[in-house]
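Below you'll find the structure, written out as structure tokens, and then a few comments.
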Amino acid sequence: MRHTNPTSLLNAAARTLLERVHRAARPPMHELTAPQARQFYDMGAPILDLQPAPLVDRVQDLHIPARDGYAMPARLYAPQSETPLPVLLYIHGGGFSVGSLTTHDVLCRQLSREGHCAVISLDYRLAPEHRFPTAVHDSWDALNWVIQQGQAWGLDTARVAVGGDSAGGTLGAVCALMARDAGLDLRLQLLFYPGCGARQSTASHTTFAHDFMLDKATVDWFFANYIDDADRDDWRFAPSLAPDHTGLAPAWIGLAECDPLVDEGIHYADLLRMAGVAVDLEIYRGVIHGFITMGRAIPDALKAHADAGRALKNAFES
């Protein structure tokens, strides 16, 4: 049962941040064009994140070919190593419509440091210019490229994980399902508050619909950009609808308590467990959607980075 006054669940840092956002009175994302929203997000996201960005020994921009020949921008983060490194393909969030290598730069640096692994951050194509299933195809093509070509970049292609946050978490979960079906052995699916359902009908979508950073109007705008109503029951959009969850890579799932997506994440963790998949579920109390890229404003992000890094290390060492 949901709390009658959900704002009382917020911790002090999250409450202060939301008050600052409210005072700033910036136009909501759903009132902007997609290019305007991307520019706004690219400019605003680093302000809330750790400064200066954590140092990583190796940061290298590259391009990954998609199936139609498009060269997807990507960025490799890695510690110094004399031997090939295990690798996480990281797929950023942003409702399939915003987000970039810039908005998730700090997070990928942190995951590389905390996980003692390489991280490849993917700049897949965004909606509405590229609607469903382009983001799925781009993510899957990138994962296959990592496995097939990673050795040339100093990567251990026998130890590969996939992950992401929000929409990127959805894409990560979908890639894990596709990897199982293709006979590819992933070590971990690392999912921060993934979207997993087709209809946003859970209680948390009502409880946290307004004034918790990710509001209902923005969620609706994201999905109108990305997908036709007729496709919303496709499991590549809603991985909880996949017909079979057995045999998937182990999952680490990190959720924000005060997030419209929290119930979807809990439900997905339960689905995986019932299918016999090993699941480590962490719910970070009092924080909001997007907090893992808000480390300067919400210190709980640092704990989530460390927890995720530990999960990566354990998966790669097993």
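Computed from the coordinates by the stated procedures, all read-outs in this text should not be read as laboratory data. In this text, all values refer to a predicted model and were calculated from it rather than measured experimentally. Heads up, the Cβs are rebuilt from the backbone with ideal geometry, glycines too, and the neighbour counts pull from every protein chain shown.
Applying both filters, DSSP loop and at most 14 other Cβ atoms within 10 Å, to the trypsin sites (Lys or Arg not before Pro) of region 44-79 gives R67.
Taking A297, A308, A256 in turn, the Gaussian network model of the chain (Cα-Cα springs below 10 Å) assigns the largest fluctuation to A297.
Cβ crowding within 10 Å ranks L171, L255, L186, L241 as L241, L186, L255, L171, fewest other Cβ atoms first.
The phi-based Karplus calculation (6.51 cos²θ - 1.76 cosθ + 1.60; θ = phi - 60°) puts the 3J(HN,Hα) values of region 141-156 at 4, 5, 4, 5, 5, 4, 5, 7, 10, x, 4, 5, 9, x, 10, 8 Hz, whole numbers, x for Gly and Pro. Hey, how much of the P(r) for region 125-241 falls beyond 23 Å, as a percent of Cα pairs? In whole percent, the long-distance tail amounts to 34.
Between T33 and T83, what FRET efficiency follows from the Cβ-Cβ distance if R0 is 41 Å, with the result rounded to 0.05? Calculated transfer efficiency: 0.30.
Taking the Cβ of each residue in V87, V262 as the centre, tally the other Cβ atoms inside 10 Å and list the residues starting with the fewest. All intermediate terms of the calculation are to be shown ahead of the outcome.
On the way: V87 30, V262 22.
In increasing order of surrounding Cβ atoms, one gets V262, V87.
Over all Cα atoms in region 6-317, the spread is summed up by Rg and Dmax: 17.8, 51 Å. Going by neighbour counts of Cβ atoms within 10 Å, the residues H205, H116, H63, H305 line up, fewest first, as H63, H116, H205, H305. When both region 176-253 and region 71-138 are represented by their alpha-carbon centers, they are found 18 Å apart. Alpha-carbon geometry of region 1-133: the Rg and the Dmax are 17.8, 55 Å, given in that order. Remark: region 200-207, residue by residue, has Karplus-estimated 3J(HN,Hα) of 6, 9, 6, 4, 5, 5, 7, 4 Hz, where x stands for each Gly or Pro and the curve is 6.51 cos²θ - 1.76 cosθ + 1.60 at θ = phi - 60°. Here's how it looks for A161: its modeled amide H is under 5 Å from those of V87, L88, L89, R187, which are all 5 or more places away or on a different chain.
Looking at the chain, which longest stretch skips every one of the GluC sites (Glu not before Pro) that is in a DSSP loop with at most 15 other Cβ atoms within 10 Å, leaving the sites themselves out? The longest uninterrupted stretch comes out as 130-318.
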